[in-house]
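The values are calculated or read from the model by the stated rules, or taken from the named source; none is laboratory data. All values reported here derive from a predicted model rather than from experimental measurement. All Cβ positions, even for glycine, are placed from backbone atoms using ideal geometry, and neighbour counts span all protein chains on display. For the accessible areas, the whole protein counts, side chains as well, though only heavy atoms, and no ligand, DNA or RNA atoms are used. Shrake-Rupley method; radii C 1.70, N 1.55, O 1.52, S 1.80 Å.
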Amino acid sequence: MNIEQKITALRNELREHNYKYYVLDQPSISDYEFDMKLEQLQKLEEQHPEFYDPASPTLRVGGMVTKNFETVAHEHRMYSLDNSYSKEDLEDWEKRIQRILGDVAVEFTCELKYDGASISITYENGQLVRAVTRGDGVQGDDVTTNVKTIKSVPLQLKGDYPPKFDIRGEIILPFEGFAKMNQERIEAGEDPYMNPRNTASGSLKLQDSAMVAQRPLDCLLYSIVGENLGITTQFEGLEKARSWGFKVPTVAKLCKSTQEVMQFADYWDAHRHTMPYETDGVVVKVNSIQQQQELGYTAKSPRWAMAYKFKAEQATTVLNKITYQVGRTGAITPVANLEPVLLAGTTVKRASLHNADQIAKLDVRGGDTVFVEKGGEIIPKIVGVDFTKRSEDSVPTEYITTCPECGTELIRKEGEAQHFCPNDTGCPPQITGRIQHFISRKAMDIEGMGSETVELLFKEGLISNYADLYTLTKEQVMPLERMAEKSAENLVNGVAASTAIPFERVLFALGIRYVGETVAKKLARAYKNIDALMAATQEELMAVDEIGERIAQSVIQFFNEPTNRDIVERLRSHGLQFSLSEAQLENQTDKLKGQTFVVSGVFETVSRDELKKMIEDNGGKVASSISSKTSYVVAGDNMGPSKKTKAESLGVPIISEQDFLQMV
Ligand code: AMP
Ligand code: ZN
């Protein structure tokens, strides 16, 4: 086998594994084996840029940045759907259809209505050429770069596909991935996203496709459009799309009557929670394409299709009391404590009220009868009040002005929805929250210790910050509730073992607001040790790639606080890692010290991320926009024209990938 054949074989093999993993959900090799093969392909492609292929599985990681999404006209208009809410609505629709078609048999294909962002993807000769959002139906935004990072979207089709067609589908965020994303945001002290649908459509408009690649997005396809496709029914279309490698849910049914349609709809109304993603109804389509053509379109929607909307799952119950939770960062969250009620298969006792504005908007009060809904959100929410049931002596809710845990007066910063308790060093849930974050799995991962132990240790006065963990003795811990000699020993050993945890995770564990796992890694790599980081100015911090004003300010503020500096010193004296290890430093030089780079375009032999890492590893800085302080712009293919003009006008040298590789 020559090199080209080897590359092709690897690409085909990886494509097939991608398909099995992301589309069929049936991987046949381990993640590790997959990564090894991908790496092998990456190496070969690096050495042989002449065999570049825009559909290579190595290009899934993203890296292209889109400043403005180009508006593109749809070759075939993207319609919306008429809605129906009852059996009667559906029967009326069937009558209208029969009137147009005459006395012929009509079959229907029923599918679930996936709740996400619509997309139209164009394929030519089996390759993905363009992905466009619905927009106003006539034209949408070209989001190709971002869509290509979604692993279940095939870049290269298989089987017997037509030379050119558009395929329509929905970009969604499955519940599990959405929950995980939110978990990470909460850990970083950021507000969680509201629901999967908005997050999915927001993701499509992110400028940095590498960020899109990190989101667990999925794409479910439901219809093929184009000329001379050789498809005679909707159901056949679904099967064909599936055979070309698209992810087409198998929950689709061919029905011979509206009665069967209703059975399908009723079944899924009751069972929709078994699906891993959000659905908000059923879409019923006339199966025969010829009949579809006879029926045609109204100004807004096809006459041959109808959405049957599930009723939003709602329950009414009494709100007993509004209480307020204080998070690790001091953020206050109002919580509605409800009379337990069954909703979407689970008993609900609490619902989120988000913030003061939400309470005022709904005018919700203790004692009210409220409507509770469960959408894509993990925590149910209150959507309204049954005012007819409100008692006459009810009084408007007054939002708290002081912290329910420590009594400190709350603050609300300009432009922020949330109130905060500013007493970060003396407010109990903030103290324990920070320690709980410190010991958590992704931070110091202290074995033998859980959230409850932290609370217990705090209550007993044994710890008041995470540095105190390192002076705990077995004798102090043993008398605690549910502690035995063995568990006390495990705890103390677990704490001692954590001194080996690498610097970037220690940095994450400190719990600086907005410094999540990724940011901590960036900072650790850029500054190499805590002293350099503590000495950094806001401006210097902002020069680090992806560190904005908000994060920079938060870091400065954290280290300006004498108690925090003191705690860092104590942790240091206990042997925690406050600098990168020898091994981590080995790959690093000072060759690019004092120089700032802007990276733009696509590269042949290294990915954008690798290039950025090389700059940072060699002591240089990566900035996101060109200014007079930029030393070099490293330009790949497709460098943005505005960047080019800017660099030229400021006299910043533009260098190629090869020039750069020579520098390091
Ligand atoms: P609406 O936005 O309420 O007008 O509903 C129309 C949208 O439903 C379409 O633009 C699609 O994005 C979406 N949709 C979700 N699932 C399906 C499906 N199985 N068939 C057709 N459209 C669907
Ligand atoms: Zn407080």
To the nearest Å, what is the center-to-center distance of the stretch 174-243 and the stretch 592-664, using C-alpha atoms only? 32 Å
On the accessible surface of the stretch 352-427, probed at 1.4 Å, how many percent belong to carbon and sulfur atoms? 49 percent
Computed Kirkwood radius, in angstrom, where 1/r is averaged over Cα pairs of the stretch 397-532: 16.6 Å
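Per residue of the chain, what 222 nm ellipticity follows from adding -39500 (n - 2.57) for every DSSP H run with n ≥ 4, rounded to the nearest 500?
-10500 deg cm²/dmol
Of all accessible surface on the stretch 441-566 at a 1.4 Å probe, what whole percent is carbon and sulfur?
47 percent
What number comes out for accessible area per residue over the stretch 596-663 if the probe is 1.4 Å? Units Å², please.
Accessible area per residue: 48 Å².
Hand me the trypsin sites (Lys or Arg not before Pro) from the stretch 310-414 located in a DSSP loop with no more than 16 other Cβ atoms within 10 Å, in residue order please.
Values: sites: Lys311, Lys321, Arg328, Lys349, Arg350, Lys361, Arg365, Lys374, Lys381, Lys389, Arg390, Arg412, Lys413; in loops: Lys311, Arg328, Arg365, Lys374, Arg390, Arg412, Lys413.
Counting only loop positions with at most 16 other Cβ atoms within 10 Å, the trypsin sites (Lys or Arg not before Pro) in the stretch 310-414 are Lys311, Arg390, Arg412, Lys413.
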Cα-based shape type of the stretch 596-663, given that a ≥ b ≥ c are square roots of the gyration tensor eigenvalues and the cut on a/c is 1.5: oblate
For the stretch 428-500, what number results from the quotient of the Cα radius of gyration and 2.2 N^0.38 Å? 0.97
Of Met663, Met542, Met1, ordered by accessible area with the largest first and a 1.4 Å probe, the sequence is Met1, Met542, Met663
Binned at 20 Å from 0, what are the whole-percent values of the Cα-Cα distance distribution for the chain, short to long? 15, 41, 36, 8, 0
Between the stretch 483-522 and the stretch 444-478, the Cα center-to-center distance that results, in Å: 12 Å
Give the accessible surface of the stretch 503-586 per residue, rounded to a whole number of Å², with probe radius 1.4 Å and ligands, DNA and RNA excluded. 46 Å²
Which ³J(HN,Hα) values, rounded to whole Hz and listed in residue order, are derived for the stretch 81-90 from phi using the Karplus coefficients 6.51, -1.76 and 1.60 in 6.51 cos²θ - 1.76 cosθ + 1.60 with θ = phi - 60°, glycine and proline given as x? 10, 6, 10, 10, 10, 8, 4, 4, 3, 5
Gyration tensor on Cα atoms of the stretch 1-140, a ≥ b ≥ c root eigenvalues, a/c under 1.5 rounded, else prolate if a/b beats b/c, else oblate, says prolate
Amide hydrogen neighbours beyond the local backbone of Gln139, cut-off 5 Å, H modeled: His74
Could you list, bin by bin from short to long, the percent of Cα-Cα pairs of the stretch 205-277 in 5 Å steps? 3, 12, 17, 16, 18, 16, 10, 6, 2, 1
Return the distance in nm (one decimal) between the two label points of a simple spin-label model at Arg441 and Lys180, each offset 7 Å from Cα along Cα→Cβ. 1.1 nm
May I have the pair-distance distribution P(r) for the stretch 503-586, computed from all Cα-Cα distances with 5 Å bins from 0 and rounded to whole percent? 3, 16, 28, 30, 16, 7, 1
Using the Kirkwood radius built from alpha carbon pairs, what does the Stokes-Einstein equation give as D for the stretch 313-389 at 37 °C and 0.692 mPa s, in µm² per second? 262 µm²/s
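Ignoring ligands, DNA and RNA, what accessible area per residue does the stretch 3-61 give at 1.4 Å, in Å²? Don't jump to the answer; show the numbers that get you there.
Working: 3540 Å² over 59 residues.
Per residue, the stretch 3-61 has an accessible area of 60 Å².
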The chain: antiparallel bridges as % of DSSP beta bridges, rounded to 5, reads 85 percent
Once amide H atoms are built 1.01 Å from N in the peptide plane, which residues 5 or more positions from Arg350, or in another chain, come under 5 Å H to H? Leu338
